[in-house]
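First the structure, in the form of C-alpha cells, and then the observations on it.
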Amino acid sequence: MYSEKVLDHFENPRNVGEIADANAVGQVGNAKCGDIMKIYMQISDDEVIEDVKFKTFGCGAAIATSSMATEMVKGKSVDEALTLTNKAVMEALDGLPPVKVHCSVLAEEAVRAAIQDYYDRKGIQKKVIEKCSQCCGNCSCGE
Amino acid sequence: MRDCVYFDNAATTKIKSAVLEAMMPYLTEEYGNPSSIYSLGARAHSAIDEARDQVARAIGAKGREVFFTGGGTEADNWAIKGVALGNRKKGNHIISTAIEHHAVLHTLDYLEKQGFEVTYLPVDEYGRISPEDVKNAIKDTTILITVMFANNEIGVIEPIGEIGAIAKEKGIAFHTDAVQALGHMPIDVNTLNIDLMSLSAHKIHGPKGVGALYVRQGLRMENFLHGGAQEQKRRSGTENVAGIVGFGKAIQLATADIAGHTGKIAAMRDRLIDEIYSRIPYCRLNGPRDGRVCNNVNFSFQYIEGEALLLMLNMKGVAASSGSACTSGSLDPSHVLLAIGLPHEIAHGSLRLSLSDYTTQEDIDYVLEVLPPIVARLRAMSPLYEEIERGVKYV
Ligand SMILES: Cc1ncc(COP(=O)(O)O)c(C=O)c1O
C-alpha cells in the first residue's frame, strides 16, 4: 500500500520534535479528522529556514509527509518554501494511495501556516494561507 | 524480532491442519459434481451431507435447516433481503442496531432505498443493546429483528436469548449474525429462539469463502441466488464441496470443547487487558470487561492514531487491526466506536488484538513488550500529547 520511501520516512522520521525558541509555529488539521500537523521553524533575519521540526498526530502517511516536507524546506529561503506543493511532497515520496493525498495537502499547509505565523509576528502584511482548505472533506475547521 | 505474531483472529484465522486434510480429497481426486448420479458425484454429495450434519449438531438445528453459502456476508444478505422481500405484504419495518457488521448495515441501507424502514437501536457505553428497547421499537409493520450475537470490533455479547424470546412472543422473525460468536460460546438456536443465523468458516480455522445460513423450518423468505436445484432449491450454484467439508470439520473442532477453549483464551485475554492497563497510561478498554467474547481485546490509546500504531507493530512482526478512519478506508473512524460514545480522536487511536487457539503466552509477553514503547514513541511525536507531557509526570 505504501511506497518504500513513505515507510522509510515513517520508520525514521526526519526533524521530529519542537524548537523551544521557534519564531514560526503553524498547526493545521484537527483531531476529529485524525490528523494534526504542527511545524516549528527558526527563520533567520535574511529569511532562511535555518531549522525546522514537526510534531504530528496521524497515520503513517501523515507522519511521512510531515517528515518529507520539513526535509524539503530545511535550509531554503521562505520564498522558496512557499513554492512547495503537496504534489512535490507526494512525488518525493514516490506517491501516496489516493485516500492519503490529503495528508500531503496538510503538509503543504503546515509549512504555509508556520510561515504565516512568522509574517504575523513580524508585522508583515502577507497572506499565504487560507484558514482551512477542507482537504479532508469531512470537518468543520477548528471544531 | 518475531516473524509473525498473529493477533488478528477476528479478521481471519489460520486453517487447522485437520481441516485442510479433510478438504484435500475434494480438491484432488474427489472432484465430482454433487448433483451427478454416478459414484464420484454421490460421494461428494454425502460429504456435503456430513458437513451439514456437523454444522447442524453444533448449533442444535436440523440438517434441513442449514444452507451453505459463500460466507458470512452472503448469509447476512440472504437472511435480511430474503425475509424482507418475502414478508413485504405483512410490513416494511426492520429493527437492528447501530453496531452491526457492514454486511448487515449496508444491506439495510439498500433496503431503505427500496422503501423499507429500519430502526437502529442505540447501544450503551459498552456496546450493549437493551431488550427493552427492542420491545419498544416493535410496530405492527415489523417483519424482522436482526441483532448480532457478538460484535467483531469490541467483542460485546448481546442478550440474544432475551431478544429471541421477545421476537417469538410477537411472532417476528429473528436473525442474528453469529460469525464472531461461533466456537466461543455454546449456541442453541432453539433455546435462544433464533430463526435465522449467519455463520462463517474462516473465523473458526476453516477456509475462506464458505459459511452457512441457518433458517428455521417453515420460515417465510425469498431465495437470494436463483439457478439450479442445489441446497433444497434454495441456494443455487454448484457447491463449494471442499470448502463445505472444511467448514464441517472446523465447526466440529471448534465446538468440541467450548468450555476448555473459552477458559484458556479468556485467561490470556484477561492478562493482556490487565497488563496493558498497568503498563500504558491514558488508555481505555473498549467494550465490557465481562460479557465479552473470550478472544477480543480492544483498547484506545489517547493522543495517537491507530494506523500508525499498526504500522509500527507490523515492523515488530505483530499483526493487529484498528478502528481508525485510516484503516476503515473512509474518513470516519469505526461506527462501533462512535456508537459507544467515543469522541472521534479517541476512536482514531484504537487497537484490536484478537486471540485464537494458536495464541501462546509467549505471544502475549511479546506484544506486551513491544507495545508500550511504540505507544510512547508515537506520543512523543504527537502535538496532542505536548500539553499532557508538560502538565503531568509519570514513570
Ligand atoms: C460479525 C461479522 N459478520 C459478517 C462477517 C463477514 O463474513 P465473511 O468474511 O465470511 O463474508 C464478518 C467477518 O468479516 C463478521 O465479523
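Figures for the structure shown
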{"read-out": "Residues of segment A:4-122: accessible area per residue with a 1.4 Å probe, Å²", "value": "36"}
{"read-out": "Per-peptide average of other Cβ atoms within 10 Å, ordering B:178-184, B:273-279 highest first", "value": "B:178-184, B:273-279"}
{"read-out": "Cβ neighbours within 10 Å from other chains - mean over A:56-69", "value": "5"}
{"read-out": "Rounded accessible area of B:D53 (nearest 10 Å², 1.4 Å probe)", "value": "80"}
{"read-out": "Total charge dipole magnitude, the protein assembly as shown, about the Cα centre, Cβ charges on Lys, Arg, Asp, Glu only, Debye to nearest 20", "value": "1380"}
{"read-out": "Percent RCO, i.e. relative contact order, over segment A:4-122, from Cα pairs under 8 Å lying at least 6 residues apart", "value": "31"}
{"read-out": "Probe 1.4 Å - accessible area at B:M24, Å² to nearest ten", "value": "80"}
{"read-out": "Probe 1.4 Å - accessible area at B:Y358, Å² to nearest ten", "value": "100"}
{"read-out": "Protein accessible surface hidden between B and A, which excludes ligands and nucleic acids, total in Å², probe 1.4 Å", "value": "2100"}
{"read-out": "Largest to smallest accessible area among B:K135, B:K90 [probe 1.4 Å]", "value": "B:K90, B:K135"}
{"read-out": "With Cα atoms, 0 to 90° folded angle of helix B:17-27 axis to chain B main axis", "value": "40"}
{"read-out": "Net charge of Cβ neighbours under 13 Å - reference B:I143; Lys, Arg +1; Asp, Glu -1", "value": "+3"}
{"read-out": "Over segment A:4-122: Kirkwood hydrodynamic radius from C-alpha pairwise inverse distances, Å", "value": "13.7"}
{"read-out": "Amide H contacts under 5 Å for B:L121, placed H, 5+ residues apart", "value": "B:S96, B:T97, B:A98"}
{"read-out": "Label-point separation in nm, B:T12 to B:M24, each point 7 Å along Cα→Cβ", "value": "2.1"}
{"read-out": "Helix axis angle, A:60-73 relative to chain A longest principal axis, alpha carbon, degrees", "value": "40"}
{"read-out": "Chain B: angle of helix B:258-279 to the longest principal axis, Cα-based, in degrees nearest 10", "value": "20"}
{"read-out": "Per-residue mean of C-beta atoms belonging to partner chains within 10 Å, peptide A:27-39", "value": "5"}
{"read-out": "Lys/Arg +1, Asp/Glu -1 at C-beta; chain B dipole; positive extreme among B:A11, B:Q302, B:N286", "value": "B:A11"}
{"read-out": "Relative contact order (%) - criterion: Cα under 8 Å, at least six apart; region: chain B", "value": "22"}
{"read-out": "Over segment B:70-152, equivalent-ellipsoid semi-axes from the Cα gyration tensor in Å", "value": "20, 17, 10"}
{"read-out": "Span per principal axis, largest first, for the Cα atoms of segment B:201-277 (Å)", "value": "54, 28, 23"}
{"read-out": "Projected area averaged over orientations for segment B:263-335, convex hull of C-alpha atoms, nm²", "value": "5.7"}
{"read-out": "Whole-angstrom gap from segment A:2-29 to segment B:52-108, using each part's C-alpha centre", "value": "48"}
{"read-out": "Candidate residues B:K249, B:K14, B:K89: accessible-area rank, largest first, probe 1.4 Å", "value": "B:K89, B:K14, B:K249"}
{"read-out": "Solitary cysteines of chain B, where the nearest other Cys Cβ is not under 4.7 Å", "value": "B:C4, B:C283, B:C294"}
{"read-out": "Principal axis dimensions, the protein assembly as shown - Cα atoms, whole angstrom, descending", "value": "88, 52, 43"}
{"read-out": "Fraction of antiparallel bridges per DSSP, the protein assembly as shown only, in percent to nearest 5", "value": "65"}
{"read-out": "Simple spin-label estimate for B:Y358 and B:I388 in nanometres, 7 Å along Cα-Cβ", "value": "3.4"}
{"read-out": "Reference-scaled alpha-carbon Rg (2.2 N^0.38 Å with N residues) for segment B:32-170", "value": "1.25"}
{"read-out": "For segment B:239-291, alpha-carbon Rg over 2.2 N^0.38 Å", "value": "1.73"}
{"read-out": "Among beta bridges that DSSP assigns inside chain B, antiparallel share in %, nearest 5", "value": "55"}
{"read-out": "Protein-only accessible surface order, largest first, of B:D124, A:D120, B:D3 at 1.4 Å", "value": "B:D3, A:D120, B:D124"}
{"read-out": "Ranked packing of B:205-218, B:310-323, A:13-26, A:56-69, most packed first, by mean Cβ within 10 Å", "value": "A:56-69, B:205-218, B:310-323, A:13-26"}
{"read-out": "Shape box of chain B [Cα atoms, principal axes, largest first, Å]", "value": "75, 53, 34"}
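The values are calculated or read from the model by the stated rules, or taken from the named source; none is laboratory data. Please read these numbers as outputs of a predicted model, since none were measured by experiment. Cβ: placed from backbone, ideal geometry, glycine included. Neighbour counts: every protein chain shown. What goes into the accessible areas is simple: the full protein's heavy atoms, side chains included, and nothing from ligands, DNA or RNA. Shrake-Rupley method; radii C 1.70, N 1.55, O 1.52, S 1.80 Å.
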